[in-house]
Structure formats: structure tokens, C-alpha cells
Amino acid sequence: MASAYITGLGVFLPNEPVNNEEMENVLGLINDKPSRCKNRILKNNGIKSRYYAIAPQTGKQTHTNAQLTAEAVRTLSKNSNFPLEEIECLVCGTSSPDQIVPNHALMVHGDIKCPPCEVVSTSGVCCSGMTAFKYGYMSVYSGLTKNAVTTGSELVSNQFRAKFFQPEIEAKIQDLEAKPIIAFEKDFLRWMLSDAAAAVLITDTPRQNGISLRVDWVDIVSFANELETCMYAGAVKRSDGSLQGLRDVENPDEVWKENYIVNSFTLEVFK
């Protein structure tokens, strides 16, 4: 068995930081009204500023998820003096890929343009980056490769722009007035999530100069057999707790009226 060490890191944050007072100006007002829960959520999560892959002046997207990730890999390469040409295994985790196919890691590989290598993409909401890390760790630790670059990234600001909420608001205005919790579940993640990417270099030997962190184990355990789905995208939750995916709708207009695209959560996540 070989050993596995973290020997390099890289991070990429898009554009200039956006403070809490300016966040809604960048994402836009839903139904031309300020959020009723924004200040409470921001007070509780303690975050003072965010990074968005959005140009504040135009509201246009400035980076794709793949571009964010590729920049993090380039930063890692520079920080660690590790040539991109030497990557043997590239593993990229995300729950917000730019498209369904090709997978996210292939798009990153195409952007950084390193030579052919093993390329793997992982998903899983909050654990997507750690799943990528574990695959890279196992590849190096088993001796199959001498190194692996693993990444975690999310780009969610594009789907949290106000224009994606408007059709749902118009379709559900009476429900939202009668049950404000519906609006809270949709609005909550707007003030929790932002855009960024990070990359980790795992090698079978420690660095000659600088800090190396030996990885002894990584455990990932699912409780999907016990718990109801609480976070989802590309679907809506039925009354019985099951999910209906956007491919299962009979009328395409329903995708916009029910806002299948935007990440959602249900309050079970806090129980």
C-alpha cells in the first residue's frame, strides 16, 4: 500500500465580494419586493459577504461552474509548483453542474487542457466535494496513481436570480399569502449559498519543502434509507414525501410554475 498526502491547495472566488446590503441588488427582487426573511437568515448564519459569478452592473453570469473549478486547479498548480501536465487523476465534485451531459469533470478537463488522464465526476449536494476527495485519496492510496487533483465547487447564484422565481410567485400568490412557510423554504437558500471552487492535490509522497498532511481514512455514510429527502433540485416534493422530477411533468409550463430548477429544501432538515 502507498501513502496519501495533501500537498497542495487552490481556491477561486469570482469577482469582488458582495456585502449583505448589496446581495439582493445583485440577485434581484422577487415580485419587486424585498425579502421578508433575508435579514433574519443573515443574522443567524453570520456571513458578512458573498462571492457571485454575476456582474453586478449587468446581472450577467461571468463564469461557468467548470471555469470556476478550472481556475481553482490553476491556482493549485501555481501555489504548489505542480505542473498541470502531470495530473494522473482528476476528480471533480459538484451538485450544480453547467449541464447534465457531459459531466462536470470532463468540462473542467477540457478547460485546463492537461493531457489525457482518468477523469471522474461526483455529486451529492453537500458531500459532492468530499466524495471527490475520497475517490482521489483511494486512487493514490491504492497505488493506482501517483497523484490526484480533487475539487469541490458550486455555482448557484445563476438559479437564484429573481427572474427564475417570478413564474412560481405568479402561479402561487394565494398559497404564498396563506402559507408564508412555502416562500421561506424557497427564499432561505438564496441567503445561504454562493459561488466558489477549491482544489486539493493528493500525492503518494510528502512535499520536500512545506507542509504535507497524511490522509489515514475518509468515511462517507448515507442515511437515505432512513430519512426523507430534504434538499433537492430538478424536482418538487409530492405530499407523500416522494420526488417528482422535471422529466415526469405532463405540461412543460409546470417546470416554471412549480420552479423545478431552483434548489429547494424542506424544514425536516432542521429536525
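The values are calculated or read from the model by the stated rules, or taken from the named source; none is laboratory data. Note that this is a predicted model, so its numbers are computed, not measured. Neighbour counts are summed over all protein chains in view; Cβ atoms, including those assigned to glycine, are modelled from backbone coordinates with ideal geometry. Ligands, DNA and RNA are excluded from the accessible area calculation, which covers all protein heavy atoms including side chains. Shrake-Rupley method; radii C 1.70, N 1.55, O 1.52, S 1.80 Å.
Going through Asn103, Asn45, Asn31 one at a time, which residue ends up being open to solvent by less than 60 Å² (accessible area, probe 1.4 Å) and under 17 Å from the mean Cα position of the chain (by Cα)?
Criteria check complete, one pass: Asn103.
Take the residues of the stretch 222-250 that are outside any loop (DSSP other than H, G, I, E, B) and farther than 25 Å from Asp187 by Cβ: which is least open to solvent (accessible area, probe 1.4 Å)?
Only one residue fits best here, namely Asp248.
Does Ala197 satisfy the criteria of being assigned to a helix (DSSP H, G or I), modelled with pLDDT of 95 or more and touching a helix residue (DSSP H, G or I) at 6+ places or on another chain (Cβ under 9 Å)? Working first, answer last.
On the way: assigned to a helix (DSSP H, G or I): no; modelled with pLDDT of 95 or more: yes; touching a helix residue (DSSP H, G or I) at 6+ places or on another chain (Cβ under 9 Å): yes.
Spelling it out, it is not the case that Ala197 is assigned to a helix (DSSP H, G or I), modelled with pLDDT of 95 or more and touching a helix residue (DSSP H, G or I) at 6+ places or on another chain (Cβ under 9 Å).
Just checking, which of Val108, Val120, Val140, Val125 is at positive phi and touching a strand residue (DSSP E or B) at 6+ places or on another chain (Cβ under 6 Å)?
Among Val108, Val120, Val140, Val125, only Val125 is at positive phi and touching a strand residue (DSSP E or B) at 6+ places or on another chain (Cβ under 6 Å).
Inside the stretch 7-28, can you point out the residues that are in contact (Cβ under 8 Å) with a residue 60 or more places away in the chain and surrounded by fewer than 20 Cβ atoms within 10 Å (Cβ to Cβ)?
Those that are in contact (Cβ under 8 Å) with a residue 60 or more places away in the chain and surrounded by fewer than 20 Cβ atoms within 10 Å (Cβ to Cβ): Leu9, Val11, Leu13, Val26, Gly28.
Tally time: how many residues in the stretch 208-217 are modelled with pLDDT of 95 or more and closer than 15 Å to Leu9 by Cα?
Here the count works out to 4.
When you go through (1) more than 26 Å from Cys126 (Cα to Cα); (2) touching a Ser or Thr at 6+ places or on another chain (Cβ under 6 Å) one by one for Pro83, which number turns out not to apply?
Here Pro83 clears every test but (2).
Condition check: at pLDDT 80 or above and farther than 30 Å from Thr64 by Cα. Does Glu250 satisfy that?
The answer is yes for Glu250.
Of the residues that make up the stretch 158-173, is at least one β-branched (Val, Ile, Thr), closer than 30 Å to Asn81 by Cα, at pLDDT below 95 and more than 26 Å from the chain's Cα centre (by Cα)?
Within the stretch 158-173 (the criterion being β-branched (Val, Ile, Thr), closer than 30 Å to Asn81 by Cα, at pLDDT below 95 and more than 26 Å from the chain's Cα centre (by Cα)), the answer is no, since none of the residues qualifies.
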